[in-house]
Structure formats: structure tokens, C-alpha cells
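Written out below as C-alpha cells is the structure these notes cover.
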There are 2 protein chains.
Amino acid sequence: MSELLVIIVCGLLSIAYGAWAIQSVMAADAGNARMQEIAGAIQEGAQAYLTRQYTTIAIVGAVVFVLAWVLLSGTAAIGFLIGAVLSGVAGFIGMMVSVRANVRTAQAASQSLAAGLEIAFKSGAVTGLLVAGLALLGVAVYYAVLTAGMGYAPTDRVVIDALVTLGFGASLISIFARLGGGIFTKGADVGGDLVGKVEAGIPEDDPRNPATIADNVGDNVGDCAGMAADLFETYAVTVVATMVLASIFFSGAQAIELMLLPMVIGASCVVTSIIGTFFVKLGANESIMGALYKGFIATALLSAVALAIITFFWLGQGTEYTTTSGTTFVARHLFYCGLVGLVVTGLIIWVTEYYTGTGFRPVRSIAQASVTGHGTNVIQGLAVSLEATALPAIIIIAGILVAHSLAGLFGIAIAVTTMLALAGMVVALDAFGPVTDNAGGIAEMADLPAEVRSTTDALDAVGNTTKAVTKGYAIGSAGLGALVLFAAYTEDLKYFAANAAPGSVFEGIDVGTLFNLSNPYVVAGLLFGGLLPYLFGGISMTAVGRAAGSVVEEVRRQFKEKPGIMAGTERPDYGRAVDMLTKAAIKEMIVPSLLPVLSPIVVFFIVRAVATPADAFAAVGAMLLGVIVTGLFVAISMTAGGGAWDNAKKSFEDGFVDKDGTTHLKGSEAHKASVTGDTVGDPYKDTAGPAVNPMIKITNIVALLLLAVLAH
Amino acid sequence: MSELLVIIVCGLLSIAYGAWAIQSVMAADAGNARMQEIAGAIQEGAQAYLTRQYTTIAIVGAVVFVLAWVLLSGTAAIGFLIGAVLSGVAGFIGMMVSVRANVRTAQAASQSLAAGLEIAFKSGAVTGLLVAGLALLGVAVYYAVLTAGMGYAPTDRVVIDALVTLGFGASLISIFARLGGGIFTKGADVGGDLVGKVEAGIPEDDPRNPATIADNVGDNVGDCAGMAADLFETYAVTVVATMVLASIFFSGAQAIELMLLPMVIGASCVVTSIIGTFFVKLGANESIMGALYKGFIATALLSAVALAIITFFWLGQGTEYTTTSGTTFVARHLFYCGLVGLVVTGLIIWVTEYYTGTGFRPVRSIAQASVTGHGTNVIQGLAVSLEATALPAIIIIAGILVAHSLAGLFGIAIAVTTMLALAGMVVALDAFGPVTDNAGGIAEMADLPAEVRSTTDALDAVGNTTKAVTKGYAIGSAGLGALVLFAAYTEDLKYFAANAAPGSVFEGIDVGTLFNLSNPYVVAGLLFGGLLPYLFGGISMTAVGRAAGSVVEEVRRQFKEKPGIMAGTERPDYGRAVDMLTKAAIKEMIVPSLLPVLSPIVVFFIVRAVATPADAFAAVGAMLLGVIVTGLFVAISMTAGGGAWDNAKKSFEDGFVDKDGTTHLKGSEAHKASVTGDTVGDPYKDTAGPAVNPMIKITNIVALLLLAVLAH
């Protein structure tokens, strides 16, 4: 119990940090009346969107809540509620701070770069630490209530089921938030650019563009609230899946201790992340990226130390563990697994930066290809997006094999838990992005002096890199987290098969031979799982296209009906664009979100109807792995490709020197070609790609729930 | 033996048909001197390219030949040689006819549509029937030599190894031909269009464009020789893999009979394909597609009848079979499996037409998206390409499950064999494409009257559809064929494990539990296999970009150095562009082609070094399935997406009416946006996508060979 108390205190620390940081952001100067008016419109739009999104999710959630209560238990239903509500709270508070920090960052940027950086990063840190802290608190407090409070044994199925539904609650929010937010933000961005930059010839963020407020709202609901929900989910489900594995693999005191371990790691990393935030300080070289990396590296190093302390002193480095499946390891090996998680994180960030950074071959090759036209730009971008999957996949493969050789499946789970324990810091880096992006927009719209805009541009450029890098981390961790969920599925199935009552659906299931690749249901499951990310990606790309199309029409309508807009004498109706996109995004997110939720259930019952229960479990299991395999490649290729296109376009802003030595400036034909690539990359990297993360995880957690329901 | 004789006679029939068709094509009028001159340049370029390509492959092939002799046996090495040479011969003869039929089609088109169609289709039928006939003859004659001639028992490993290396010979040609041809054709197409249509503002096939001959050469080396090698391979490896399965699953007379069965099916379908070609006749409605489909449907129906005769009379419909793994079925079930193969073929063609045809939602949505710009065109095209994978995957899944429920793994093999037995007819439809495409080019360059061009355009439009449809068939059959190869891998492994000598690498391997999805090496293998099509796709897209870039530079140089070209007073140097592309394509094809060849070997030995042999076999097996799963999606999405973009562009040629009722004509901004999409789609559908087919198969056949070498 004393450990649980420490964990909960660490979780509360993150809330205390959040409160302090919010208060410190809010205390900053909010700028002049025009700036506050613009920021007010963004706040209003963002709040309206989130309210509507959460209302819609609440309807779906209410149905799931009742189902969970009826099919499982009251504790499970409440677990679902906790996961969903806390995920929503983290996203909501984070976004509310973000839409207030934007204008303050713009104002601070008129003082100095350091001041602007401080506010933007502090606002990001609120979201980051709330994500990690609330996810940890949700799991730890509910676990404490169930065990110490209600007296269930930690390994009791009631506890496990309740934790899994908690993870599912987080998942459900996540898929809706990622997809809805992604459609909103890119509908606004693509639509606004098409009609503003291309047709009307006005710059981005020009106040005459009726879609410009919607674009700024979109940054917040997509990159801030969407990413927060995504990583809240990965964090929660990975901790929960690791606990499930611990409860199955071990017994007695060891089971309880190792069930606590993921929470202990999470708790210590909340503390190291808080400390890390204080290392984010602009150095003498004025490198913003350097300042942010200082914070990240400090967190990673301190986390390694914390992990060493946990394994060497709390567990005792030589303590021996043997899983029920016969893997033997000592506590020290778990420390090495944690290091594997940290190294994988570092390498993925490094590779993502290589593929999306302006200075390296991939982005340069896209910029070079822009010189010969729109078509070659897109071809090269697609080539980069395909190629960019190889190294991350190899890193993930190496991580899996090394962690497994150290401590089996549980070792992989600990590696991923440690990777995710850094989520607080990583989300802080990401949520910094929309704040600086908005700050630039506000500076532009409020006609602040050019120096302010160039300061916010410098911050924004770094924000683009951190956003790309976070996406690499989010998809890598989602893939690995999903593999842990998959392991939980197979181990759970083993457990239920071993304890099956006569006549139960689990009777006689032999998990050792179940997932045999020569079973046609396994091959069918793999293929069916494989098609889900493709179909999901296709639907979400189409949704963005449709949303963008409606923005184009709305803006054209306003330009036509209010001819004074372009002359600057009439104010566009920003609210209508926001309102329209809100409706479009909510409408478009429902069907694709239900695809991964319902697939495991439908596959199970269809196969069960035509074949044996064993075939049905095999098909569902293989489907999970199919989703992970193609999902990983689809998501990495989309996010990396999109990031590379974005930065290829940015290469032209300072003049791109091609291989013949000719310089191509903004406005050149080559630049226009690069804008096409960037437009294509937008839904790739901000809608379809990131939304694949939650879909990978939700398919897996639904399958885990399905087992619980069948066993009930 | 009497069956073998009949099979060989049927195979020879295809050669007789080929000889007759060639003579009948060559007898047609070859047009005026200018036309012959142009056609001569195309012939020369195509021959130069193929000669160089085969010379390069011969070097790689010589190394493999020696390796096969040393590591396996002389019979295996000779098998390799037979597969490689016959595949090369089919492609070479087919292409030689194709580059002579083009000018005759142009000439015949000046008489009538029916006359043009007849020559173009007959030329395609030469390639088609040579592919099916030579593949069948290669397998059957060598099998006869080994068994009846040299006295080996049909199920002897010497025979099996020799047949597998024969398949590998076909594979090696296939990957080089697909990739080299793909890079050549799209380098010429994309490069030529960029500098011709976009920069110089001259139409496609304008004789002033120095890349125009290269473009016409490309059609032949890509769509004719490349596709021929691809389907020759799928045909050969599927027949071989089915024979391997028969030799393992059955014993005694049943084994021999069922080893003959795939060849018997192939032989009967050669005959039905020949009969089918005579059904291709233009009806009163002048529908070219209708004429071609008449031939296809006749072949399919006759094949079903032939299949019924084979199973009901030759095998005896009630004959019972039991495999060594315990599956029991009667001969009648194999007939149903064959029907499954025919139905899968029909459905895939139907779905591909839906996704790439001008009249349906997907292509219309891309055309509509072009109205808002280049970016939205590409976004919608990508959305369609992703979505287009779902239905084919479901069709394939259904086919696998139904065939398996009828007759187990062997049932799947028979379904795929039957699907491929139609290859002769399908390749005929495809090889029709480059002939009509070239005919149009020749008509344009030789300044034939506009009516001729409009007749060749009508033929060419149908050629585009048949090309797209054939690609759907090629990838579907490649995926299924690869699954049969994968089954052969697992069954072979079982066989070697059961017969392992003490101390052998196969000792103690338990295939029943080997490919367990909870083994980390299986997960690692799946992920590694999954990355191969992505990496391969990325490299080949980059190669096309690079080749196109060098064409652009060459053409710009010629325009600059010979100012008379544009005025029409000076003749461009067509040969240089062809020569340059030849070098580029050959250079670029080597490394990516070796990737799938070496991967199974490298994975095996790396895993073997750090883990057990069982883990190594598991990792390789999972890798094979990983390649199939992502490869299938990558290839379908690329080929379908590319086809849809192509036809979206064509929608504008007759004027596209958007959803607001505005008509967009050729030359409009929307049309320009659609050209961008088409350019992107070019390497998608003609280089990277199709080249994934052979890479899926070659990985699997190399793994099968690896087993043979290890067992040796």
C-alpha cells in the first residue's frame, strides 16, 4: 500500500505542476484588444467544437457504459467511465490553456524569444503532465479502490476487467478525438489554403480569409486535444496491459509487486518530467530546438537513474522471477528492458528528424523534385514516405527481440511502459506546436510588427519539427503498446482456456497451436486486419477532402456576398466556417471510428458461426496482428511523408538552391509545386496517419474485452 | 505417361497457335515508309533494351546457375536455366511481335475498327499463349524427362528440387523484367510529359519530342515483356508449388495423379484460351471491351466445363483423398475449388473495373476533386487507392476460406492453379494495350488522318482498362500464388523435420507450434516482411523520379542544341533518350531486385546466429507472410490508384461536368490538376505496384530453395 500512496502522490504532483503552470501562463500579458478579440474567437470556436465532440462521444459512451455494466459488471462500467472522463479532462484542460497561451505567447514574443518560448512551452507542459498524471492517477486510484478499498485481490478478474475497461474508455475518446480533430484541422487548413492562398492570392492567416479562425481552432483540437487523447490512451492501455500480464505470469507477492511496477515507473517519470521542464531554457546560442531537447534529454537521463533505483533497490537487482510460461529472469534485466524503451524512443526521434528535417537528403530530394513540377514533387514525397518506414520498423524489431531475450513478453511490456513513461515530456513538446502556430496567426491578424512575426515564425518552425517527432514517437509507442495488448490477448486466452468450465466457449482451446500461420483462419485474420488501416485511411482522407471542399464553398460564398471582405471594409463571418467544420468533422468521424471497435466482434461471431470457437479466437488474434503490421507502416509512412512534404515547402521560404545552383524563391513554380505536396501531406500527417494509432490500439483492447465478456 | 503426352501436346498447340498468329499479323500491311521508319526506331529501341536487360540478368543468372549446381544438383541448375530461358523467350517473342503489330494496327485502323482490333488482339494473344504454353511445357517436359526419362520417382526430392529451381528461374527474370521495364517505361513517360506537354507545350507523341520513341519502347518493355514475365512466373511457381504440395500430402498413385492435376488443368485451359481468342469479334454495337470480354467469358465458361470433365471423369467425382495432415475430400470438391478460382478472377476484374473505370464513383470523385486543384486531386486519388484494397482483400479472404473448407490447403492450391490457367487469355488482353498505345503514337507521328487517330484512341482507351484489370488479376493471383508457396514452405519444413538426420538443422523442429504469433521471432519476421514492399516501393519510385529527371535534362539539352527541332526542320536524336533510359533502368533495377532475393537468406542466418534454428525457420516463415500481407495492399492500392488517376484525367478529354454543372475541358485548370494526379499514378501503377508482385513471389520461392539447400 505504501507504494500505491507514493504513486498517487506523484500523480497529484503533476496536477499541482499543472495548476502552477496554468496560473503562471494566465498571469502573463494577454496583449491588446485586437489580439484578445482574435484569441477570443479561437477560444470560442475550440470550446464549441470540443463541447459538441464530447456530447457526441457521450452518447456513444452511455451506450457502452450500459453494455459494460450488463455484460461485465458495475466496476467495469465505472472503470470505463473513469478512463473516458479523465482522457477528456486532460484534453479539455490542455486545450483551454493552449487557446489562452497562444495570444500570450504572441505578446511575449514582442519582448523576447525566450519569453515567448517560456509561455508556449509551459502551456504545452500543462497538457503533457496532465496526460501522464491523470492517466497514472486513474489507474492507480481505481486500483487502490478496488483492492485496498473493496478488498479484491489484485489478480482477481474483477480488478483486471475493470482496468481493461478503463483502458477502453480512454481508447474510445482517443479514436474520436484523433479523427474528429484531424478532419476539422485539415479540412480548415486545406480548404482555407485552396481558396485563400491559391484562388484569392492572400497569405496564410490573413484576417480577410473567413476560414482563418477555423484553421487556428483546428491546430488546437487536432494537435493539442487529439494528440493528448492519443497518448493518454497509449499510456493507460500499456500500463493496464502490463498489469494484466503481471497478474497472469506471476503469483503471490511477486504478482502484486510486478503489477505495481508499471505504475511505479510511471510515477517516477512524472517526477523526472517535471524536473525536465525546468531544463528548457534558451541557451546563449538561441537554439529553440536545443532548449527543448535539453529538457527531453534531462528527463530521459533522470528516468534511467530512477529506473535503476527502482530495480536495484525496490525490486532488488538479483531477485529472480519465473513466469507461468517458464521464462526466468532477474530484476536487473527489467532495468535493461527499460533502457531498451528509452533507446528505442531516442532512435525513433532521431530517424524521424532525419526523414522530416530540412537539412537531410529526404526533404532535399523532395524540394529538388519540385523543380520539375507538381507531379515529380508528389512522386518523390511518396517515395520518401514509403522508404521512411524501414528504419523505424527495424528499430522496433530490434527492441522487441532484445527486450524479449532479456525477460520474455514481460520484458517487452516493461520496455514499452518505460518508453511511455516519457509521454509527459513528449506531449509537452508537441502541445507547444499549436500554441506557437496560433501565436503566429494572431500576430499576423492583429498586424503586430514584423519582428514579432519573425520571432513567432522561429518558434513555429521548431513546433513543426517537434510535432513530426512526436508523431513518430506516438506511432512507435502505439505499435509496441498494441503488441503488449496482443500479448495480453493471447495470455488471457490461455488463462481462460486453462480455467474453462465444461461447455464454455474456451473449453479445449490450445493456445500453443492456435495461431498457426498454416491455419487459413489465421491467414484470413491477418489479411482482414491488414485491410482495416487501409480502408480507415481511405475513408478519413476522403472525409478531409469533403470537409475542405465545403470550406472552399463557404469561403467563396462569403467573398461573393460580402465584397467588402477583400477590401478590408467588411468583417468575414468566422463563426460560420467553424460551425460548418464542426458539424462536418463530427458527422464524418462516427463511421470510421466504429470500424475498429466493431471489427473484432464481427469477425469473432462470423467465424464462430461458420467454424469452431478456436478458429474464431485464432482469426481475431491474427486480425489484431494484421492491424498492427499494416497499421504501423501506413501510419509511419503517412506521418513521415507529410512532415517531409511540409518541410520541403518550407525550404523554399528562404530560397532553395537546386542541384544546378539555381535558387528558387517563394512564389516560384517550384515553390508552387511544393505547396501541392504540402497540401497532400496535410491529411496524410494530421488526419489519416495519426488516427491509425488509436485504431490499432482500440482493435486490440476491444478483443481483450471480448474475452472478458465471453468469460463472464 | 499418356496424360503427360496430352499435356505436352496441348502446350505445343499454344506454340502452333503463336506461330499461326505471328504469321497472320506479319502478313498485314505495314503502312507507308514514314510509319515503318517510326516503327523501326521503336523495334530497334525495344530490342536494344531487352538485349541489354537479358545480358545483365544472364550475369546474375550464371552465378545462380553455378550456385544451384554446387549447393543442390545438376538437375536443379538445369531446372533454373529452363525456367529463366523460357520466361525470357516468352517475353522476347511477345515483344518482338508487339513492336511489329503496332504499325500494322495503325495501318489497319485506317481501314476499320474491326481490322485494327483484330491485329492488336492477335498480337496480344501471341504473348498470352506463349506465356501459358511455354510455362506449362517447361514444367511438363522437364518433369517427363526427370521421371520417365531419368527414372526418378515423381515424389523424389530430386524432381521437387528441380521444379522449384525452375520456378526460381522464372522468378529471377520476372523481378528484373518488371522493375527494369517499369523504370524504363515510366521514366520515359513522366520525363517526356514533363518536358514535352508541360514545358514545351507540345502534345503527347509529338515527333518533335526526343523522348517520344522511348515512351513507345517503354510501353512494350513494361506492359508487354514485363507483364509476360510476371505472369509466366506466377503460373510456373503456382503449378510447381501445387505439385510440391501434392507430393507431400499424398502417396502412391494418388500422389502421382494429383501432381499431374495442375498440369492437366493448365493444359485444358490452354485449349480453352485458344478457342476463346476466336470469340473476340466486334459485335454490331462496336463495343471493343464487349468483344474482348466475349473472349474472356468464353474461355472462363469452357474452362469450367473442362474442369468438370477432368474431375468427374479423369479423377472420378467420388474418389476419396486423405492428406498426410488428415484432411479428407473427394474429387468433386476439387472441381468446386476450381470454380472458386474462376469466381475470384471474375470478381477481382469486376472490382478493379469499378475502381478504375470512368463511369463509377471513385474515378468521378477524383475528377471532381481536380476542380479544386492539384492538391485535392492527389488527396482524393490516394484516398481511392487506399480504399480500393478492401474489396479485393475480402474476395481473396473468402476464396481462401471456401477453398480450404472444401479441400484444405490443397484446395487453395487448386483454386489458384485454375485462376492462373486463364493467364493465357488475361495476358492476351493486357498485351493488346501497348500495341494500341503504340499504334496511336505512330498515327500521330506519321501524321495519319484524324479518323485513324480517333480509331486508335478508341482502341487505346480500352487498352487502358484491360491493363488496369490485368494488374488487378496479376496481383490477386500473385498474392494467392505466394500463399500456396508459403504453404509449400511450411509443408516442406514439416517433411524435412519428420525425416531429419540426427544433428541436422531440421532436427526437433515442431512445425505445429513453430509459427506461433506469440513467438517474438514470428512477430519480428512479420514486421520485417512487412517493411520489404514499402522499402522496395520507395526505392523504385525514387528510381523513376531519377530516370525521369535525366530524360528531362536530355530533352532540354536537345531542344537547346538543336533549335530546329521545335520548328520541325531538324530531327531529334531519339536514340540517345532510349539509350540513356536503358542504362538508367538497368542500373536502377539491380539493388532493389536483390532485396527480396537476399532477404530470406540474410534473415535466416542472422536469426540462426543469435537464436535457435527453429526461431530462424519461424522468422523466415513469418517474413514470407509479412511480405504477402503488406505487399498485397501496397500493390493493389498502387495499381488501382494509378488506374483511377489515369482515367480521371481522361474524363476531361471529353469534358467533365462537375457537381455544380460546370463543364471542364481539356486545357482547363481542373484538367491540369488531373494531369498531376496521372503523373503521380504512373510510377504507382506501372513501376512500383506491379514490381511488388514478383517480389512477393520471389521471397517465397527463395525460402523454399533455402530449405532444399539446407536439407542437401
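The values are calculated or read from the model by the stated rules, or taken from the named source; none is laboratory data. Predicted model, so just to flag it, every value in this text is computed and none were measured. No Cβ is skipped: glycine too gets one built from the backbone with ideal geometry, and neighbour counts run over all protein chains shown.
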Go through region B:559-596 and count every residue that is away from chain A (no Cβ under 14 Å), surrounded by fewer than 21 Cβ atoms within 10 Å (Cβ to Cβ) and β-branched (Val, Ile, Thr). 3
When region B:508-534 is checked residue by residue, the ones that are β-branched (Val, Ile, Thr), over 18 Å from A:Met623 (Cα atoms) and in a helix (DSSP H, G or I) are B:Val511, B:Thr513
Is there any pair linking a residue in region B:532-558 that is at the interface with another protein chain (Cβ under 9 Å from one of its Cβ atoms) to one that is of a type in the set (Lys, Arg) and assigned to a helix (DSSP H, G or I), with Cβ under 7 Å and at least six apart or on different chains, and which? B:Val544/B:Lys186
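Right, A:Ala369: of a type in the set (Gly, Ala, Ser) and away from chain B (no Cβ under 14 Å) or not?
Details: of a type in the set (Gly, Ala, Ser): yes; away from chain B (no Cβ under 14 Å): no.
When the stated conditions are applied, A:Ala369 does not pass them.
Identify, from the list A:Ala688, A:Ala609, A:Ala648, the residue that is modelled with pLDDT of 90 or more, more than 17 Å from A:Ser599 (Cβ to Cβ) and either part of a loop (DSSP other than H, G, I, E, B) or over 21 Å from the mean Cα position of the chain (by Cα) (or both).
On the way: A:Ala688 fails: either part of a loop (DSSP other than H, G, I, E, B) or over 21 Å from the mean Cα position of the chain (by Cα) (or both); A:Ala609 fails: more than 17 Å from A:Ser599 (Cβ to Cβ).
Exactly one of A:Ala688, A:Ala609, A:Ala648 is modelled with pLDDT of 90 or more, more than 17 Å from A:Ser599 (Cβ to Cβ) and either part of a loop (DSSP other than H, G, I, E, B) or over 21 Å from the mean Cα position of the chain (by Cα) (or both), namely A:Ala648.
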Taking the conditions exactly as written (at pLDDT 90 or above, part of a helix (DSSP H, G or I) and not charged (D, E, K, R)), does A:Val552 satisfy them or not? no
Under 7 Å between Cβ atoms, which residue pairs at least 6 apart in sequence (or on different chains) link something in region B:496-515 that is within 14 Å of another protein chain (Cβ to nearest Cβ) with a partner that is modelled with pLDDT of 80 or more and assigned to a loop (DSSP other than H, G, I, E, B)? B:Ala497/B:Phe506; B:Ala497/B:Ile509
Residues to consider are A:Leu386, A:Leu342; find the one that is touching a Gly at 6+ places or on another chain (Cβ under 7 Å) and touching a residue at least 40 places away in the same chain (Cβ under 8 Å). A:Leu386
In region B:516-531, residue farthest from B:Thr185 (Cα to Cα) [restricted to those that are crowded, with 24+ Cβ neighbours inside 10 Å, of a type in the set (Gly, Ala, Ser) and facing chain A (nearest Cβ under 7 Å)]: B:Ala524
Of the residues in region A:612-624 that are more than 12 Å from chain B (Cβ to nearest Cβ) and buried (at least 19 other Cβ atoms within 10 Å of the Cβ), the one that is modelled with the lowest pLDDT is A:Ala614
The number of residues in region B:381-395 that are at the interface with chain A (Cβ under 7 Å from one of its Cβ atoms), under 14 Å from A:Ser540 (Cα atoms) and not in a helix (DSSP H, G or I) is 0
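Condition first: at pLDDT below 90, farther than 21 Å from A:Lys471 by Cα and in a helix (DSSP H, G or I). Can you find one or more residues in region A:328-338 that meet it?
At the first step, the residues of region A:328-338 found to be at pLDDT below 90 are none.
The answer is no, given that none of the residues of region A:328-338 is at pLDDT below 90, farther than 21 Å from A:Lys471 by Cα and in a helix (DSSP H, G or I).
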Please give the number of the condition A:Ile288 fails out of (1) surrounded by 23 or more Cβ atoms within 10 Å (Cβ to Cβ); (2) free of Cβ contacts under 8 Å to residues at least 40 places away in the same chain. (2)
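Let's see how each residue does on (1) under 19 Å from the mean Cα position of the chain (by Cα); (2) closer than 20 Å to B:Glu257 by Cβ; (3) assigned to a helix (DSSP H, G or I):
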| position | (1), (2), (3) |
| --- | --- |
| B:Lys122 | no, no, yes |
| B:Ala125 | yes, no, yes |
| B:Gly133 | yes, no, yes |
| B:Tyr143 | no, yes, yes |
| B:Thr147 | no, yes, yes |
| B:Tyr152 | no, yes, no |
| B:Thr165 | no, no, yes |
For residues in region A:349-366 being within 14 Å of chain B (Cβ to nearest Cβ) and surrounded by 22 or more Cβ atoms within 10 Å (Cβ to Cβ), which is farthest from the chain's Cα centre (by Cα)? A:Ile366
Considering every residue within region A:174-196, establish whether at least one is within 14 Å of chain B (Cβ to nearest Cβ), outside any helix (DSSP H, G or I) and either surrounded by 24 or more Cβ atoms within 10 Å (Cβ to Cβ) or more than 25 Å from the chain's Cα centre (by Cα) (or both). no
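Which residues, counting only those in region B:467-487, are farther than 30 Å from B:Trp645 by Cβ and within 11 Å of chain A (Cβ to nearest Cβ)? Steps first, answer last, please.
Just the residues of region B:467-487 that are farther than 30 Å from B:Trp645 by Cβ, to begin with: B:484-487.
If the condition is that a residue be farther than 30 Å from B:Trp645 by Cβ and within 11 Å of chain A (Cβ to nearest Cβ), then B:Phe486, B:Ala487 are the ones that fit.
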Just the residues that are touching a Lys or Arg at 6+ places or on another chain (Cβ under 8 Å) and of a type in the set (Gly, Ala, Ser), please, taken from region B:1-38. B:Ala21, B:Ser24, B:Ala28, B:Ala30, B:Gly31
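Would you confirm, using the coordinates I've provided, whether B:Val371 is surrounded by fewer than 24 Cβ atoms within 10 Å (Cβ to Cβ), among the aliphatic types (A, V, I, L, M) and in contact with a Lys or Arg (Cβ under 9 Å, 6 or more places away or on another chain)?
On the way: surrounded by fewer than 24 Cβ atoms within 10 Å (Cβ to Cβ): yes; among the aliphatic types (A, V, I, L, M): yes; in contact with a Lys or Arg (Cβ under 9 Å, 6 or more places away or on another chain): yes.
When the stated conditions are applied, B:Val371 passes them.
In this structure, is B:Ala443 within 14 Å of chain A (Cβ to nearest Cβ), surrounded by 24 or more Cβ atoms within 10 Å (Cβ to Cβ) and more than 19 Å from B:Gly182 (Cβ to Cβ)?
Numbers: within 14 Å of chain A (Cβ to nearest Cβ): no; surrounded by 24 or more Cβ atoms within 10 Å (Cβ to Cβ): yes; more than 19 Å from B:Gly182 (Cβ to Cβ): yes.
When the stated conditions are applied, B:Ala443 does not pass them.
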So which of A:Thr639, A:Thr679, A:Thr699 is in contact (Cβ under 8 Å) with a residue 40 or more places away in the chain, more than 12 Å from every other protein chain (Cβ to nearest Cβ) and either within 25 Å of A:Ile349 (Cα to Cα) or not in a helix (DSSP H, G or I) (or both)? A:Thr639
Please find, among B:Val657, B:Val627, the residue that is modelled with pLDDT of 95 or more and more than 10 Å from every other protein chain (Cβ to nearest Cβ). B:Val627
Among the candidates A:Val402, A:Val484, A:Val435, A:Val469, which residue alone is on the phi < 0 side of the Ramachandran plot, surrounded by fewer than 24 Cβ atoms within 10 Å (Cβ to Cβ) and either out of contact with any Phe, Trp or Tyr (no Cβ under 8 Å at 6 or more places or on another chain) or in contact (Cβ under 8 Å) with a residue 40 or more places away in the chain (or both)? A:Val402
